[in-house]
1. Quick one: with all protein chains in place, what share of the accessible area of the chain is carbon or sulfur, to the nearest percent (1.4 Å probe)?
2. Which peptide among 266-273, 242-249 comes first, and what is the full order, when sorted by highest mean count of other Cβ atoms within 10 Å?
3. In percent, what relative contact order does the range 7-67 have, based on Cα pairs under 8 Å that are 6 or more apart in sequence?
4. For the range 202-276, what does the accessible surface come to per residue with a 1.4 Å probe? Please give it in Å².
5. For the range 191-245, just list the percent of Cα-Cα distances falling in each 5 Å bin from zero outward, please.
6. Is there a quick way to get the dipole size of the range 315-421? I mean about its Cα centre, with the Cβ of Lys and Arg at +1 and of Asp and Glu at -1; what is the value in debye to the nearest 20?
7. Let me know the number of lysine pairs in the range 181-316 closer than 22 Å at the Cα, not counting same-chain pairs under 8 apart.
8. Stretched out fully, how many nm does the piece from Q15 to K335 gain, at 0.36 nm a residue minus the Cα gap?
Amino acid sequence: MKTDVFSKRRIELGQRYSRTLFVIGSGSEAKRSHSVAYRFKVSSDFYYLTGLEISDALLIVAGKDQYLLTKSNSAEAAVWDDEGFISDKDRAEKLFGIRFENVNRLEDILRAHASQVDRIAFALGRDSKLDSQIVSLASYEKRLKGRNTPVSPVALCDSRLLTGTLRLKKDEGEIALMREAGMRTSYVHTELMKQSVIGRSERDIAHWIESQFMSQGMLWVAYQTIVGSAERSTLLHARATDRIIQDNEFVLVDAGGEYAGYCGDITRVFISGKKFSKAQRDLYNIVLEAQKEIIQAIKPGTDLQELHLLSLSAMSAGLLRQGYDKSRIQDDILKLMPHSTSHWIGLDVHDPSAYCDDSGNALKLEAGMCFTVEPGLYFRSGLEGIAAFKGLGVRIEDDIVVTQDGYQYLTSVPKEVDEIEALRAHAF
């Protein structure tokens, strides 16, 4: 994206919260040994507002004023353009529309603006050193109160939900990147269904998936890959183990890659053998039909809570058709489906945007909002119900963007039973 996109986002943040001073860190490298650092991942809010992937930097937005603080006095080691390295501070400031300063000036800048704001917003708990600096400043302002000064104490708040209000609706450029992340992730899931998995470990499957993400140009996984086979398909977060996959088992795979910072998030369940058993097919189709019903209901003006209630209702109806005890279904469905049907998605697999407004009402969907739809049923050990479903878990997840008159898929992996069986035929 061009630098003016990020400049506009910073301006909007400053205008929307004109009495809030934002301090947004890029994050720091962490050492894995005395001389080697873990691979650096820039914080998503910092990237969203700057487009830069640099460590140990701070973005400050205070109304119309914007600063980028780095360890260097100029922009060196921080900023590049199409022509290469930019070391000239004036040129960098003109290009990015922001003032470059040394991180040592943090306290001076904060104190200069503290009297003009009501609160300081930062990622509470992420950086203990930064936390300490900002808390100290707030205490300093409090000490000034009552000493013949007009300065009032400032409040402290977490910046992530505030920046999340901007991130909630994606622009066309973001949606294009999310669609690319979704399509590349979809390709890997589809290819996995063609693979022979019997005799392989869950961990081997996870490693294969992640290597394929890399080959698709996705340099990060969006989250730790989940592979749960047989009864482990009933675990919500089944981290891949050394368990060997056997014939005629369910294999639940929840995996997503990240493209240009944006995440894909897909869950599919397939059989290790050639054909679904009757019980596998019946349970799978209950979840699939529920997911399709939920997605068909997506449009501006609905909300995620409505979709979740629809999910529970649709799967309850499906279970009743399979003979589930009607007197127990209302209580049991919350045990069989213990997670939310949807979550926001974007630069983070769980984008840090609010789900309710200031009055506690669920946010109404608008064009540009992106989220998952992932109903599931998990017949874990200890849960009674339909005996044939014992030990089976199904979750089907896709990524969706709301449009002006409905929705569009951001992901595309076959999910009908006959489509999956056709893919599985390639493995034999």
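The values are calculated or read from the model by the stated rules, or taken from the named source; none is laboratory data. The shown structure was predicted, so the numbers you read here are calculated from the model rather than taken from an experiment. All Cβ positions, even for glycine, are placed from backbone atoms using ideal geometry, and neighbour counts span all protein chains on display. SASA here: full protein model, heavy atoms, side chains in, ligands and nucleic acids out. Shrake-Rupley method; radii C 1.70, N 1.55, O 1.52, S 1.80 Å.
1. Solvent-exposed carbon and sulfur of the chain make up 48 percent of the total.
2. By packing density, highest mean first, the sequence is 266-273, 242-249.
3. 47
4. Per residue, the range 202-276 has an accessible area of 37 Å².
5. Pairs per bin, as whole percents: 4, 19, 28, 25, 16, 6, 1.
6. 600
7. Lysine pair count for the range 181-316: 4.
8. 110.8 nm
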